[in-house]
Amino acid sequence: AQAQGIAEAACRAAVKYAGERVQFGAPIATLTPVAAMLADMKVSVEAARALLYETALTVDIKEGLEHRIAQLAATGEAAAADLKDLRAELKRSNRLASLYTPLAKACCTEMANQVAYDALQVHGGSGYMRDFPVERHARDARITNIYEGTTQLQVVAAIGGVLSGTLAVRLEEYDAGDYARTPELLARVRHARARLQAAIDHVRAVDDPRYRDFHSRRLVDMAIDVTCGYLLLRDAQADARKLLVARHFVAAMAARVEGAAAAVLGGDPGRLDELAALAAD
């Protein structure tokens, strides 16, 4: 959430500066390359926010179930069958919270670093100076994907839920929603989901811990992309602006997932022996 706020501040600073800075007789925000950067930044912020809120909801449900079970067990008000059902639901919620928490941490903090970087770039040389707040946003963003567990550790925490099927069950639940307003976008998200599953199946089939570890970041990034795709599609069903966000996100997400899937499916486990030689002096 801290990273999310930093990214929002950096994005707003970039939009403000781009609207005021005049080059070639017009604000730089009217230049297509700058407009594209600003759009990418805004959409990235909104996609990460959707995942952050979904994660918060997931954790709240888990903690609510824990509280309810403890309350019923202490008072003896619940039948054994009711407690059994609640404990089964808690077990499921625990799995989801254990998956979504590292997904959100990785997503929001990496997004904040990219958005802050781009915001500084929009400012040009001015962004590097303390006259503008964006240099502080860039410095503040940098710590977020380091402390409280680096992104690499978040990947380690999330990869089990991605490979075990916990994510697949959740994505199936998302897929059952009503996306009547966006059939073409749903088809692209479903294709990305199928490519993610193909990559997961391939890593399982190779059954090599080194190969799994080597591609775990790609798999987690794909999981984040596909999950955010469904969440934005859900929001787009009732909001015209969210529909614009979903269109922009899905177009970029589909390309990222396709590239990552190709890397996983076309990888050669034998090439991992070269890593040490490549990193040597």
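The values are calculated or read from the model by the stated rules, or taken from the named source; none is laboratory data. It should be emphasised that the depicted structure is a prediction, and the values quoted were computed from it without experimental measurement. FYI the Cβ positions are ideal-geometry reconstructions off the backbone, even for glycines, and counts take in every protein chain you see. What goes into the accessible areas is simple: the full protein's heavy atoms, side chains included, and nothing from ligands, DNA or RNA. Shrake-Rupley method; radii C 1.70, N 1.55, O 1.52, S 1.80 Å.
Roughly how big is the stretch 220-281's charge dipole about its Cα centre, with Cβ charges of +1 (Lys, Arg) and -1 (Asp, Glu), in debye to the nearest 20? Before the final figure, lay out the partial values.
Working: 6 positive and 9 negative charges, 113 e Å.
That gives a dipole near 540 debye.
To the nearest 500 deg cm²/dmol, what mean residue ellipticity at 222 nm is calculated for the chain from DSSP H runs of n ≥ 4 alone, each contributing -39,500 (n - 2.57), summed and divided by the residues?
Theoretical 222 nm ellipticity from helices: -28000 deg cm²/dmol.
Go from 0 up to the bin containing the longest alpha carbon distance in the stretch 11-59, width 5 Å each, and give me the % of pairs per bin.
Values per bin, smallest distances first: 5, 21, 21, 16, 11, 9, 7, 5, 3, 1, 0.
Starting from the eigenvalues of the Cα gyration tensor, five times each then square-rooted, give me the equivalent ellipsoid semi-axes of the chain, largest first, whole Å. Walk me through the numbers before you get to the answer.
Details: eigenvalues 242, 129, 84 Å².
In descending order the semi-axes read 35, 25, 20 Å.
What are the ³J(HN,Hα) couplings of the stretch 171-180, residue after residue, when phi is run through the Karplus curve with 6.51, -1.76, 1.60 and θ = phi - 60°? Round to Hz, x for glycine and proline.
5, 5, 5, 4, 5, 6, x, 9, 10, 4
On a full-extension model of 0.36 nm per residue, what is the gain between A276 and D85, subtracting their alpha-carbon distance, rounded to one decimal in nm? Mind showing how you got there, number by number?
Numbers: separation 191, 0.36 × 191 = 68.76 nm, distance 5.02 nm.
Full-extension gain reported as 63.7 nm.
Assign one of three labels to the stretch 90-170, namely rounded, prolate or oblate, based on the Cα gyration tensor with a ≥ b ≥ c the square roots of its eigenvalues; rounded applies when a/c is under 1.5, prolate when it is not and a/b is larger than b/c, and oblate otherwise. All intermediate terms of the calculation are to be shown ahead of the outcome.
Numbers: a/c = 3.80, a/b = 3.22, b/c = 1.18.
Note, shape of the stretch 90-170 comes out prolate.
Normalised by the residues of the chain, what does the relative contact order come to in percent, with Cα pairs under 8 Å and at least six apart? Walk me through the intermediate numbers first.
Numbers: 298 pairs, mean separation 60.3, N = 281.
Here the relative contact order equals 21 percent.
Which pairs in the list K16/K105; K84/K242; K42/K91; K91/K242; K105/K242 are over 30 Å apart, alpha-carbon to alpha-carbon?
Values: K16/K105 27 Å; K84/K242 40 Å; K42/K91 36 Å; K91/K242 33 Å; K105/K242 23 Å.
Violating the 30 Å limit, Cα to Cα: K84/K242; K42/K91; K91/K242.
Let me check something: with ligands and nucleic acids excluded, how do F132, F249 order by accessible area (1.4 Å probe), largest to smallest? Display every interim value, and only then the final one.
Values: F132 70, F249 20 Å².
Result, largest first: F132, F249.
Could you work out the relative contact order of the stretch 165-264? I mean the mean sequence separation of Cα pairs under 8 Å and 6+ apart, divided by the number of residues, in percent. Before the final figure, lay out the partial values.
Details: 80 pairs, mean separation 39.7, N = 100.
Relative CO of the stretch 165-264 lands at 40 percent.
Over all directions, how big on average is the projection of the convex hull of the alpha-carbon atoms in the stretch 97-141, in square nanometres?
Values: hull surface 11.9 nm².
For the stretch 97-141, averaging the hull's shadow over all directions gives 3.0 nm².
Angle between the Cα long axis of helix 151-164 and the longest principal axis of the chain, 0 to 90 degrees, nearest 10?
Taking the Cα atoms of the chain, the angle to 151-164 is about 40 degrees.
Could you order D118, D207, D85 by accessible surface area, starting with the largest, using a probe radius of 1.4 Å?
Numbers: D118 30, D207 125, D85 100 Å².
Largest accessible area first, the residues go D207, D85, D118.
Given T182, Y17, L153, which one lies farthest toward the positive end of the charge dipole of the chain, if we put +1 on the Cβ of every Lys and Arg and -1 on the Cβ of every Asp and Glu?
Y17
With all protein chains present, calculate the accessible area of V15 using a 1.4 Å probe and round the result to the nearest 10 Å².
80 Å²
Can you check what the net charge comes to around R95, using other residues whose Cβ is under 10 Å from the Cβ of R95 (Lys, Arg +1; Asp, Glu -1)?
Values: positive: K62, K91, R92, R170; negative: none.
For residues surrounding R95, the net value is +4.
Counting Lys and Arg as +1 and Asp and Glu as -1, each charge on the Cβ, what is the dipole of the chain about the Cα centre in debye, to the nearest 20?
Values: 34 positive and 36 negative charges, 79 e Å.
The calculated dipole for the chain is roughly 380 debye.
Per the Kirkwood treatment, what hydrodynamic radius in Å, one decimal, follows for the stretch 149-281 from the mean inverse distance over all distinct Cα pairs? Can you show the working numbers first?
Values: mean 1/r = 0.0634 Å⁻¹.
Here the Kirkwood hydrodynamic radius works out to 15.8 Å.
Can you give the accessible area of L38 in Å² (nearest 10), computed on protein heavy atoms with a 1.4 Å probe?
20 Å²
Counting only other residues whose beta carbon sits under 15 Å from that of A261, what net charge do I get with K and R as +1, D and E as -1?
Values: positive: R188, R190, R193, R195, R204, R217, R218, R256; negative: D201, D221, D225, E258.
Once positives and negatives cancel, what remains is +4.
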